[in-house]
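Below: one structure, written as structure tokens.
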Amino acid sequence: MIQLNLRDSRPIYEQIKDSYVRLILCGGLKPDEKLPSVRSLAMDLSINPNTIQKAYNDLESEGFIYSVPGKGSFVNNLNGKDKQHIETLKKKIFDIIKELKSLGVTSEEIKKIIEEGSKH
């Protein structure tokens, strides 16, 4: 379900959060489905429970999950959240394109990068 890449430059909690966002947006996790407890996921991934808690807190503040005291964390019904996420990702792409252009990368080279990325 959740896989970590220790060579990834992103913090572990961010990798966990991003994995859950992908699972939720692609339908791998359904609304109201219970997530593993912080302790059990920490044991499964062999990481500190505080790292899991940070990821869960971020997911909750962004509206992807909700928590019920004494019961756990559950997948939220997104109601268009995927559209918001797409817009956020588009903005990131635009920012990257802008930065690439400022570094002298041509539009043609950027198109090749995008085509290459869409093959993976």
Check your understanding: If you roll a 1.4 Å probe over the heavy atoms of the protein chains, what accessible area per residue do you get for the chain, in Å²?
Key -> 71
Study note, to complete from the structure: Labelled set (1) 2, 10, 16, 22, 21, 17, 8, 3, 1, 0; (2) 2, 12, 25, 28, 21, 10, 2, 0; (3) 2, 10, 17, 19, 17, 13, 10, 7, 4, 1, 0; P(r) over Cα pairs in 5 Å bins from 0, in percent computed from this model equals the value at (3)
Study note, to complete from the structure: Listed by chain and number, the lysines with an alpha carbon less than 25 angstrom from that of residue 111, same-chain partners under 8 positions apart left out, are 83, 90, 91, 92, 98, 101, 119
Study note, to complete from the structure: Phi-derived 3J(HN,Hα) across segment 64-69 with the Karplus relation (6.51, -1.76, 1.60, θ = phi - 60°), rounded Hz, x for Gly and Pro, is 7, 9, 9, 10, 10, x
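In deg cm²/dmol and to the nearest 500, what is the mean residue ellipticity at 222 nm of the chain if only DSSP H runs of at least 4 residues count, each as -39500 (n - 2.57), divided by the residue total? Walk me through the intermediate numbers first.
On the way: 5 runs with 69 residues, N = 120.
Calculated mean residue ellipticity at 222 nm is -18500 deg cm²/dmol.
Taking all protein chains as present, what is the carbon and sulfur share of the accessible area of the chain, in % to the nearest whole number, probe 1.4 Å?
On the way: 4550 of 8560 Å².
Here carbon and sulfur together make up 53 percent of the probe-accessible area.
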Exercise for review: Show the residues, 5+ positions off or on another chain, whose built amide H is closer than 5 Å to the amide H of residue 65.
Suggested key: 60, 76
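The values are calculated or read from the model by the stated rules, or taken from the named source; none is laboratory data. The model shown is predicted, which means the values in this text are computed figures rather than measured ones. Keep in mind that these areas ignore ligands, DNA and RNA; they rest on the heavy atoms of the full protein, side chains included. Shrake-Rupley method; radii C 1.70, N 1.55, O 1.52, S 1.80 Å.
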